[in-house]
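Reading through the structure tokens given below for one structure.
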Amino acid sequence: MQTNFSDVQLEDPATRRSKEILRSCVHCGFCTATCPTYKVLGDELDSPRGRIYLIKDMLENSRIPDEKTVLHIDRCLSCLSCMTTCPSGVHYMHLLDHAREYIEQYYKRRWDERALRWLLARILPYPGRFRLALWGAKLARPFRPLLPDARLRAMLAMVPTRIPSASPNDRPQNFPATKTRQRRVALLIGCVQRALNTDINDATIRLLQRHGCEVVIPKGMVCCGALTHHMGKTAESLAFAAANIEALVAELNGDGLDAVVINTSGCGTTVKDYGHMFRNHPLAGDAARVAALAKDISEVVADIGLRDADHAAPLRVAYHAACSLQHGQQIRSAPKDLLKAARFTVVEPQDSHICCGSAGTYNLMQPKISDELKQRKITTLEAIKPDVVSAGNIGCMMQIGSGTRIPVVHTVELLDWATGGPIPKALAKVSTLTAA
């Protein structure tokens, strides 16, 4: 794609990067075949190719974003399916990040949209605040039909029936390996996940300990920055990320780390991109070190090799591939291979590459499109009649679980169960699911 940026514009590192990305696009349109919003809406401007044209026009002309451009950029899920499909290697993620930052800087949204985004940025990255908000939302849920805003109704609809207490395991501490120590790893404990489902981190710690890992929860860990990053709030996201980098580098320079383990794939995609995010920052070197060590839990366990995985019932498991895992991190086989090694029968739904509609805060800000994608995903999952759905991202788990009676658990919970841990709570009430 031909570009026409001025020398002055190219003094900005983000614009230089966007120019590189734009010039790699050859207009082939392969991305339209796998774009969820294009499938739902059928509008060229709701495809990656269409959005690229809008972003190019906006950036080249240094113009104030108009409502049309903002509408179509906001509708993007950031699922990154287009990056998997693209034969030219267009790094759509970095281009979209720049566009969202530009929109946040120069476009004035309606007061209610500004208020919603401010609220989400002030609550979701903070587990304590989020837990309090969940309790308040649970009390307000009976009044959901009376709310005029579909986004507020969507928020109340996503509130779980059970809000767990904070887990003591999420505090800064060390968990020794239960067998001969082979590795020392840090666990990114997340933010939203700590309020919605504390069992995931608990299961991760047990699984890693059982496989010869000392697990450290570093002091000073906070949200990875993904939630604010995807809203274009770059300064806030970098502040979160910088705190994590400093906490992890302290461990690296102390007793050392073999990996930074992440069990929420949306966080993993962001942490693995810290090197790019901080490329022009004093923390560039440290950010690159952390990004190089970042691993999804499935990568770490697959590298070690699953052991003694014969304790769980041989269930039929529908594997839901989270977009941030299969597209953002290009991890596809490891979770399925581990589940198979644990004697589960693994099945996949039709169109497994298509997003479930969760996408961070997308299901809260674009509830109509999100619900359409959720229903499509649930239909394909229920069609293969699994005993349980397995996923590697809390957002996907909440999204799918809100629309089906099939138990939805994290992949690590099943692997923990298979290697001697407790049966996942979502399965514990099913009387036929006893250990083999």
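The values are calculated or read from the model by the stated rules, or taken from the named source; none is laboratory data. Note that the structure is a prediction, hence the values are computed from the model and not measured. In this analysis, Cβ positions are derived from the backbone assuming ideal geometry, glycine residues included, and neighbour counts consider all displayed protein chains. Note: areas computed on protein heavy atoms with side chains; ligands, DNA, RNA excluded. Shrake-Rupley method; radii C 1.70, N 1.55, O 1.52, S 1.80 Å.
At a glance:
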| item | result |
| --- | --- |
| Cα centre as origin, Lys/Arg/Asp/Glu Cβ charges: segment 1-120 dipole, Debye | 160 debye |
| Å² per residue, accessible surface of segment 266-307 at 1.4 Å | 37 Å² |
| Highest-fluctuation residue, Arg117, Arg206, Arg184 considered, GNM on the chain with Cα pairs under 10 Å | Arg117 |
| Anisotropy class of segment 44-183 from Cα gyration tensor, a/c 1.5 cut | oblate |
| Isolated Cys in the chain, by beta carbon distance under 4.7 Å | Cys25, Cys28, Cys35, Cys76, Cys86, Cys213, Cys356, Cys396 |
| Simple Cβ-charge dipole of segment 349-433, Lys/Arg +1 and Asp/Glu -1, about Cα centre, in debye nearest 20 | 180 debye |
| Per-pair calculated FRET efficiency, R0 = 25 Å: Tyr106 and Arg16 via Cβ, rounded to 0.05 | 0.85 |
| Within straight-line cross-link reach of Lys368, lysines at Cα separation under 22 Å, skipping those fewer than 8 residues along the same chain | Lys39, Lys68, Lys138, Lys377 |
| Difference of contour (0.36 nm per residue) and Cα-Cα distance, Lys429 to Trp135 | 103.4 nm |
| Within the chain, percent of DSSP bridges classed antiparallel, to nearest 5 | 15 percent |
| Three-way shape call for the chain based on the alpha-carbon gyration tensor, with the a/c threshold at 1.5 | prolate |
| Prolate/oblate/rounded call for segment 274-405, Cα gyration tensor, a/c under 1.5 rounded | oblate |
| Potential lengthening between Ser6 and Gln375 on full extension [0.36 nm per residue; Cα-Cα distance subtracted] | 128.3 nm |
| Protection proxy ranking, peptides 140-146, 37-43, average beta carbon neighbours within 10 Å, highest first | 37-43, 140-146 |
| Violating pairs (Cα-Cα greater than 27 angstrom) within the set Lys233/Lys272; Lys385/Lys429; Lys272/Lys336; Lys179/Lys272; Lys233/Lys425; Lys19/Lys336 | Lys179/Lys272; Lys233/Lys425; Lys19/Lys336 |
| Helix-only CD estimate at 222 nm, as mean residue ellipticity for the chain, using -39500 (n - 2.57) per DSSP H run (n ≥ 4) | -14000 deg cm²/dmol |
| Whole-number percent relative contact order across segment 86-242, with pairs defined as alpha carbons under 8 Å at least 6 apart | 28 percent |
| Among Gly136, Gly254, Gly401, residue whose mean-square fluctuation peaks in a GNM of the chain (springs only between Cα atoms under 10 Å) | Gly254 |
